[in-house]
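The values are calculated or read from the model by the stated rules, or taken from the named source; none is laboratory data. Computed from a prediction, not measured in an experiment: that's the story for all the values here. Neighbour counts are summed over all protein chains in view; Cβ atoms, including those assigned to glycine, are modelled from backbone coordinates with ideal geometry.
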Ligand code: MRU
């Protein structure tokens, strides 16, 4: 059974780690994000089923955080495999890896992180299994640490695209709660906050699961950022009012041609931004850019249950019993609606097929 710990310490939400490893208990520890902002509950995940459920049910969510949770998760499961025989160990590892990978299809970070862990296994098959397990733990910790550095760099590059006092609109939660610190789309906002930029941020509530209201508005507000919550259907109004100088969003998978999958509704914001001449920036760690996927057409979009739309967040049902519901979790923003893609290796602009390839060249040259 996943173990729950209700925190009532008066701590700020920003003081919590989104994902961490409890070595003693051999468990992944996450904040149950489905309970935010009302309750801060840490949960310890030890079994494959608990880790899979936590990802599927969005207790841990956001592309980078899913990757880190999967990396620690596969380590926790590997640690439980009781054998000295590499072949036996690796067979079990692959089985668990494939299971975790099936939790959510759109965010490429899930398979990206699991594949990194797999490479550690395959590259160290000569080591005793006990030592291999240590290498897996180190790799998961490195994935988390890199995420923090990467988000900070995205923040630095993103900050160059705006100026003090700007109005910024964001959709869903690509914040600290979706990563390990800074977030991606929020990284320029947090860095600007550190430097006295006094941005005015508008957070879309993000139907149907309200990540913008429950998570983005919560974390920005808790950090002292000037943030205003709006319904999803208000983005045109605030842009027409002239209140928005830039849109920053995160993403779950960027295809080689720059098409970007992100939370459902993102492409609507992009189209509205084009109409009002507001630059639309996608913040993407290279772990979210998938050059093996040629275009947005090739990105698999997760379909979620109908009750998320009709009743999940309400006291009572808000739609007739038996109504047909279409509930894709993500949409794809066409590359020609995207002003630029902000990565940890710089800002990519159209034509993306070339600029994204150049970003990966830089990563090969300067990355670790
Ligand atoms: O369904 P979610 O909450 O996992 O969707 C999250 C998003 O769409 C985020 O914008 C994306 O993962 C980027 S997080 C840095």
Give me a count of the residues in the range 273-295 that are within 12 Å of the ligand (Cβ to nearest atom) and surrounded by fewer than 24 Cβ atoms within 10 Å (Cβ to Cβ). 1
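Let's see how each residue does on (1) within 16 Å of the ligand (Cβ to nearest atom); (2) on the phi < 0 side of the Ramachandran plot; (3) at pLDDT 95 or above; (4) outside any helix (DSSP H, G or I):
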| site | (1), (2), (3), (4) |
| --- | --- |
| 146 | yes, yes, yes, no |
| 150 | yes, yes, yes, no |
| 154 | yes, yes, yes, no |
| 158 | yes, yes, yes, no |
| 162 | no, yes, yes, yes |
| 183 | yes, no, yes, yes |
| 206 | yes, no, yes, yes |
Please pick out the residue among 39, 11 that is under 23 Å from residue 223 (Cα atoms) and modelled with pLDDT under 95. 11
Is it true that some residue in the range 92-100 is over 16 Å from the mean Cα position of the chain (by Cα), away from the ligand (no atom under 16 Å from the Cβ), under 26 Å from residue 213 (Cα atoms) and in a helix (DSSP H, G or I)? no
What number of residues within the range 311-350 are within 23 Å of residue 269 (Cβ to Cβ) and free of Cβ contacts under 8 Å to residues at least 40 places away in the same chain? 4
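Report, by residue number, each residue of the range 221-272 that is part of a helix (DSSP H, G or I) and away from the ligand (no atom under 16 Å from the Cβ).
Within the range 221-272, 221, 222, 233, 234, 236, 237, 238, 239, 240, 271, 272 meet the criteria.
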Return yes when residue 330 is within 12 Å of the ligand (Cβ to nearest atom) and either closer than 20 Å to residue 174 by Cα or surrounded by 14 or more Cβ atoms within 10 Å (Cβ to Cβ) (or both) and no when it is not. yes
Sort through 39, 11, 59 and tell me the only one that's under 22 Å from residue 148 (Cα atoms), in a loop (DSSP other than H, G, I, E, B) and either away from the ligand (no atom under 16 Å from the Cβ) or free of Cβ contacts under 8 Å to residues at least 12 places away in the same chain (or both). 11
